[in-house]
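Values quoted throughout were computed directly from the atomic coordinates according to the rules given, and no laboratory measurement underlies them. A quick note: this is a predicted structure, and the numbers were derived from the prediction, not measured. No Cβ is skipped: glycine too gets one built from the backbone with ideal geometry, and neighbour counts run over all protein chains shown.
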Amino acid sequence: MKSIIKTALTGALICLVSFNINAQSSKYKCMLQMSNYMGEGAYIVVSLINAKGEYEKTLYVMGDDKKWYSSLKEWNKFHAKKGDDISAKTGASVTGGDRSITTIEIEDSKINKGYKLRFESAVEDQKYYVNDLEIPLTAAGIAEKTEGKGYIRYVRLNKI
């Protein structure tokens, strides 16, 4: 009888912890508009960058063929060290002039703490942009439309 109660309490505790972890993040619709460029589809990675300017987490990867990840040079160094499974965070690459709408999840504790979202982009046989676009994770930064410097024309986030 004691083992049944212990098992039930352990299960309840795990559910409670899981619920609290999920309650501490928010989902955002991420609308990305590409500039009109000629060439193959762009591979774009969305990363959480900490206040020290270091990669902390991969939020989304546009482009699902792993052989091209090395073209995203700085992110690939982080990804190779961390070795995390990003298969649930990938989608199709995006071509010139196209639009992509995805959902990303951001921990609420990262807002207004010096973090930012970095959009890194690369196109086969063309220029690589380590910082095509960065969005400061502040209430104002998230609400604004942010212009890109390379293949990305702009990104807009909306809390869901």
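Computed over the alpha-carbon pairs of the chain, the distance histogram in 5 Å steps reads 2, 8, 17, 20, 18, 13, 7, 4, 4, 3, 2, 1, 1, 0 percent, short to long.
Seen against the Cα atoms of the chain and their longest principal axis, helix 2-23 is set at about 30 degrees.
Of all DSSP bridge pairs formed entirely within the chain, close to 95 percent run antiparallel. If R0 equals 35 Å, the separation of the Cβ atoms of ILE86 and ALA140 corresponds to a calculated FRET efficiency of about 0.75. Here's how it looks for SER93: its modeled amide H is under 5 Å from those of GLY63, ASP64, which are all 5 or more places away or on a different chain.
Net charge in the neighbourhood of THR103 (other residues with Cβ under 9 Å of its Cβ; Lys, Arg +1, Asp, Glu -1) is +1. If you find the alpha carbon centre of region 42-67 and of region 76-97, how far apart are they in angstrom? When both Cα centres are located, 6 Å separates them.
Based on the Cβ-Cβ distance from LYS66 to LYS127, what FRET efficiency comes out when R0 is 25 Å, to the nearest 0.05? Write out the running numbers ahead of the final one.
Numbers: r = 22 Å, r/R0 = 0.86.
Efficiency at R0 = 25 Å is approximately 0.70.
Each of ASN50 and ASP98 was given a label point 7 Å from its Cα along the Cα-to-Cβ line. The distance between the two points is 3.4 nm.
Per-residue 3J(HN,Hα) values for region 110-117, derived from phi via the Karplus relation 6.51 cos²θ - 1.76 cosθ + 1.60 with θ = phi - 60°, read 8, 6, 6, 10, x, 7, 8, 9 Hz in sequence order (x marks Gly and Pro). In this rough spin-label picture, where each label sits 7 Å from Cα along the Cβ direction, the GLU40-LYS149 distance is 2.4 nm. Angle of helix 73-82 to the longest C-alpha principal axis of the chain, folded into 0 to 90 degrees and rounded to 10: 20°. The ranking of GLU54, GLU105 from fewest to most other beta carbons within 10 Å of each one's beta carbon is GLU54, GLU105. Other residues with beta-carbon under 14 Å from the beta-carbon of ASN76 carry, at +1 per Lys or Arg and -1 per Asp or Glu, a net charge of +3.
Straight-distance candidates among the lysines for linking to LYS145, with alpha-carbon spacing under 22 Å and chain neighbours fewer than 8 residues away dropped: LYS27, LYS29, LYS110, LYS113, LYS116, LYS159.
Tell me what the chain gives for mean residue ellipticity at 222 nm when only DSSP H runs of n ≥ 4 count, each as -39,500 (n - 2.57), the sum divided by the residue total, rounded to 500 deg cm²/dmol. Walk me through the intermediate numbers first.
On the way: 3 runs with 37 residues, N = 160.
Rounded to the nearest 500, it is -7000 deg cm²/dmol.
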